[in-house]
Number of protein chains: 2
Amino acid sequence: MITPQLRASRSLHESVRQELLNRIQNGAYLPNLPIPSTATLSSEFGVSPITIKRALRDLQAIGAVTAIAGKGTFVKEQRRFLIDLSDGIAHLETANVRLMSIANEKISDPAMEMFNPPGEATLCVRKMIFFAGEPPLAYDSTYLSPDVDEAIIDKFAARPVTEALGRLGIRIRNISYLIDASTAARKVAEIFAIPNGYPMLRRLYKVTTTKKGLTIFGILQAPFDRLSYSLNIQSEN
Amino acid sequence: MITPQLRASRSLHESVRQELLNRIQNGAYLPNLPIPSTATLSSEFGVSPITIKRALRDLQAIGAVTAIAGKGTFVKEQRRFLIDLSDGIAHLETANVRLMSIANEKISDPAMEMFNPPGEATLCVRKMIFFAGEPPLAYDSTYLSPDVDEAIIDKFAARPVTEALGRLGIRIRNISYLIDASTAARKVAEIFAIPNGYPMLRRLYKVTTTKKGLTIFGILQAPFDRLSYSLNIQSEN
DNA sequence: GAGTGGTCTAGACCACCCT
DNA sequence: GGGTGGTCTAGACCACTCC
C-alpha cells in the first residue's frame with residue numbers, strides 16, 4: 001500500500017518506486033529472485049499497470065532490478081569490484097578475458113583528445129573482462145600502433161593491459177588516466193545486458209613504455225554499479 | 001522522418017531518440033535553446049506524443065536535454081570540469097562555495113565503510129561548489145569529529161577541503177580516495193535540478209593530518225556529465 | 001496456453017510559463 | 001488563454017518463457 005507518508009507529495013510512480021526499493025533494501029524481495037509481476041503489483045498497490053511499469057523501468061535505470069521479458073523482474077545482486085590505482089597498476093591478474101574483435105579503427109572518443117592520440121587509424125583490440133561464474137565486469141578497447149608485432153597483439157588480446165605488458169617484459173614509463181562516467185553505447189549495452197544509455201564508469205588510459213614507439217591508448221568501461229577505484233596518496237616527508 | 005536505416009530493428013522510441021540525438025550532435029538543435037515541442041515532434045515524426053515523451057525522458061536520463069514544465073525542452077550544454085588528482089590535491093581554488101547545512105549526523109553510506117569511519121555521530125558540513133555564472137558543479141559532505149574548534153568548522157564551511165586545510169596551516173599526512181558512480185539521492189537531485197536517480201560521479205575521501213585527532217571524511221559528488229578526474233603516474237627509476 | 005515484460009496508442013487532467 | 005511538459009489511466013498487440 002502507498003501510505004500517506006510514503007506519498008509525501010511525490011508522484012505516484014515515484015512512491016511506488018520508493019516502496020519497491022524499500023522492500024529490496026529490507027530484504028522483503030531477495031537478490032536473484034523475481035519480484036511479483038506487474039499485474040500483481042498493480043492490484044496490490046491499486047494503481048494502473050502502466051504506473052507499475054514506469055516505476056520498474058526507473059528501477060532498472062538505477063541498477064536495482066533487471067527485467068527479462070517472458071520471465072519476470074529480478075532483484076539485482078549488488079557487488080562492486082574495487083581496483084586500486086595507487087601504484088598505477090590495475091590489478092586484474094585473476095580475471096578472464098574474452099576477445100571480442102580486432103579491427104583497424106580511429107580513436108574517436110572526444111574525451112580521449114586529452115591524451116593527444118594519433119590521428120591515423122590504429123589497431124583496436126576489444127575484449128570483455130570477467131571473473132569465472134560472474135556477470136561480465138568490464139569492456140576494454142585497447143588502441144595500438146598498427147605496426148606492432150603480432151606476438152604483442154596476441155598478448156593484448158588475451159590479457160588485461162598491464163598483465164600483457166608484464167608477460168612481454170615491457171616496462172612502463174608513465175601512465176595517464178582519465179576517469180569519468182558516460183552512458184553506454186548500443187553495442188556495449190547489449191554485451192552487458194543493460195538498458196541503452198546505462199551509465200558506465202570509464203577509465204581512459206595512455207601508457208608509455210620503454211619499448212621504442214610502443215604507446216598504448218585505451219578505454220576500460222564497466223557498468224557504474226560494478227566497479228570503483230581506490231587511490232592512496234602519501235604526503236612527501 | 002524515421003528512415004528505415006535509422007529504424008534498424010530498433011523500437012520506435014529508440015529510433016526517435018537516436019534521431020533527436022543526431023540533430024543535437026549535428027548542431028541542428030543548439031545548446032541552451034528549446035527543441036520543438038512534443039506536439040510538433042509528434043506530427044513531424046508521425047508517432048504518438050507518448051512515444052515522443054518517452055524518447056525525451058530517456059534523453060534527459062542520459063543528460064542530453066533538460067525539460068522545464070511550461071517552458072520547453074532545452075539542449076544541455078556539455079562542459080566537463082577536470083580535476084587532477086596526481087598530487088592528491090583536488091584544485092578548486094577559484095571555486096565558490098555555498099554552505100547548505102551543518103548538522104550532527106552519522107556516516108551512513110555503505111561505500112564509506114572502506115575507510116573505517118567512526119561509528120559515533122560526526123559533524124557534517126554540507127556545501128555546494130560552483131563557479132561564478134555556471135550551474136552548480138558539485139556537492140560536498142564533509143564529516144568532522146564533533147569536538148573540533150569552531151574556527152576550523154568555519155573554514156570548512158567556506159572552502160573546499162584542501163583549501164580549508166591550507167588556510168588553516170594544517171599539513172596533510174595521507175589521503176585515501178574511492179571513486180565510484182552512484183545514483184543521486186532525492187535531495188541532491190533537487191539541488192542540481194536533475195531527475196531523481198541521475199548518476200553522480202563520486203569521490204569519497206579520508207584525509208589524515210599532522211594535527212592530532214583531525215581526520216576528515218567526506219564525499220564529493222557531481223552529476224556524471226559535469227566532472228572527470230585525471231591522474232598521472234610516473235614509474236620509479 | 002497462460003503468464004511475463006515491452007511497445008504503442010488514445011485521451012484526459014494538471015501545474016506551470018508566457019503574453 | 002494557449003502553449004508547454006508531467007502524470008495517470010485504459011486497452012491492445014507482440015515476443016518471449018515455461019509448463
Taking region A:107-237, the equivalent ellipsoid from its C-alpha gyration tensor has semi-axes in Å, biggest first, of 24, 19, 16
Amide H contacts under 5 Å for B:Val47, placed H, 5+ residues apart: none
Measuring from the longest principal axis of the C-alpha atoms of chain A, the long axis of helix A:12-26 (C-alpha) lies at a number of degrees, nearest 10, equal to 70
Residue among A:Ala181, A:Pro160, A:Met200 farthest towards the positive dipole end of region A:81-230, charges placed on Cβ: A:Pro160
Can you give me the long-range amide H partners of B:Met100? Hydrogens built in the peptide plane at 1.01 Å from N, cutoff under 5 Å, separation of 5 or more residues or another chain. B:Arg126, B:Lys127, B:Met128
So for the protein assembly as shown, taking the charge dipole from beta-carbon charges (+1 Lys/Arg, -1 Asp/Glu), which of A:Ala121, A:Val148, B:Leu20 sits furthest toward the positive end? B:Leu20
Mark the label point 7 Å from the Cα of B:Asn22 along Cα→Cβ and return the residues of region B:31-45 whose backbone N is within less than 15 Å of it. B:45
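From the C-alpha gyration tensor of region A:4-75, pull out the three semi-axes of the equivalent ellipsoid (sqrt of 5λ each), sorted largest to smallest, in whole Å.
18, 14, 11
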Highest to lowest packing among B:201-209, A:20-28, scored as the average C-beta count within 10 Å: B:201-209, A:20-28
Taking neighbour Cβ counts within 10 Å as the exposure measure, how do A:Thr73, A:Thr183 sort from fewest upward? A:Thr183, A:Thr73
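Between B:Ile50 and B:Leu30, what FRET efficiency comes out of the Förster formula 1/(1 + (r/R0)^6) with R0 = 25 Å and r the beta carbon distance, rounded to 0.05?
For B:Leu30 and B:Ile50, the calculated efficiency is 0.40.
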For region B:107-118, take each phi angle, set θ = phi - 60°, evaluate the Karplus expression 6.51 cos²θ - 1.76 cosθ + 1.60, and give the result in whole Hz per residue in order, putting x for glycine and proline. 6, 10, 5, x, 5, 6, 4, 4, 8, 6, x, x
Assigning unit charges at the beta carbon (Lys, Arg +1; Asp, Glu -1) and nothing else, what dipole magnitude in debye, to the nearest 20, does the protein assembly as shown show about its Cα centre? 840
Contour minus Cα-Cα distance for A:Thr40 and A:Phe130 (0.36 nm per residue): 28.8 nm
When the C-alpha atoms of the protein assembly as shown are aligned to their principal axes, what extent does each axis show, in angstrom, from largest down? 64, 63, 45
Quick one: Cα centre-to-centre distance for region A:20-78 and region B:23-55, in angstrom? 30
How big is the dipole moment of region A:2-82 about its Cα centre under a simple scheme where the beta carbon of each Lys and Arg is +1, that of each Asp and Glu is -1, and everything else is neutral? Debye, nearest 20, please. 200
Between B:Ala39, B:Ala95, B:Ala164, which gets the highest mean-square fluctuation from a Gaussian network model of chain B, Cα cutoff 10 Å? B:Ala39
Which whole-Hz couplings ³J(HN,Hα) result when phi for each residue of region A:124-132 is put into the Karplus expression 6.51 cos²θ - 1.76 cosθ + 1.60, θ = phi - 60°, listed in order with x for Gly and Pro? 9, 9, 10, 8, 9, 10, 8, 10, 3
Of the GluC sites (Glu not before Pro) in region B:19-111, those whose Cβ has at most 14 other Cβ within 10 Å and which sit in DSSP loop: B:Glu77, B:Glu93
Taking beta carbons within 10 Å but only from partner chains, what does the mean come to for residues A:196-204? 5
For region A:113-170, shape from the Cα gyration tensor axes a ≥ b ≥ c, cut at a/c of 1.5 then a/b versus b/c, turns out oblate
So what is the 222 nm mean residue ellipticity for the protein assembly as shown from helices alone, if each DSSP H run of at least 4 adds -39500 (n - 2.57) and you divide by all residues, rounding to the nearest 500 deg cm²/dmol? -7500 deg cm²/dmol
Which residue, B:Pro135, B:Pro110, B:Pro195, has the most motion in a Gaussian network model of chain B that connects Cα atoms within less than 10 Å? B:Pro110
If you build a Gaussian network model of chain B, linking Cα atoms that sit under 10 Å apart, which residue out of B:Ile68, B:Ile107, B:Ile129 swings the most? B:Ile68
How large is ³J(HN,Hα) for each residue in region B:197-214, as worked out from phi by the Karplus curve 6.51 cos²θ - 1.76 cosθ + 1.60 (θ = phi - 60°), to whole Hz, x for Gly and Pro? x, 4, x, 10, 8, 10, 10, 8, 9, 10, 10, 9, 10, 7, 7, 4, x, 9
Please compute the average number of Cβ atoms from other chains found within 10 Å of each residue's Cβ in peptide B:61-68. 3
Where the Cα atoms of region B:68-151 are projected onto their three principal axes, how long is each span, largest first, in whole Å? 47, 37, 29
For B:Gln234 and B:Ala151, extending 7 Å from Cα along the Cα-Cβ vector and measuring point to point gives, in nm, a value of 3.7
Going by a ≥ b ≥ c, the root eigenvalues of the Cα gyration tensor, does chain B fall in the rounded group (a/c under 1.5), the prolate group (a/b larger than b/c) or the oblate group? prolate
Give me A:Arg159, A:Arg173, B:Arg17 sorted ascending by neighbouring Cβ count inside 10 Å, so fewest comes first. A:Arg173, A:Arg159, B:Arg17
Each residue of B:180-187 has, on average, a number of other protein chain C-beta atoms within 10 Å of its C-beta equal to 6
Those GluC sites (Glu not before Pro) from region A:150-237 that are DSSP loop and have at most 15 other Cβ neighbours within 10 Å turn out to be A:Glu236
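With 10 angstrom as the radius, rank A:Val65, A:Val148, B:Val188 by how many other C-beta atoms surround their C-beta, starting from the fewest. Could the numbers behind the result be given before it?
Numbers: A:Val65 22, A:Val148 16, B:Val188 19.
Ordered from fewest to most neighbouring Cβ atoms within 10 Å, A:Val65, A:Val148, B:Val188 come out as A:Val148, B:Val188, A:Val65.
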Reduced to Cα centres, the span from region B:141-172 to region A:107-182 in Å works out to 41
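Computed from the coordinates by the stated procedures, all read-outs in this text should not be read as laboratory data. All values derive from a computational prediction rather than experimental measurement. Because the Cβ atoms are built from the backbone with ideal geometry, glycine has one as well, and the counts that use them run over all protein chains shown.
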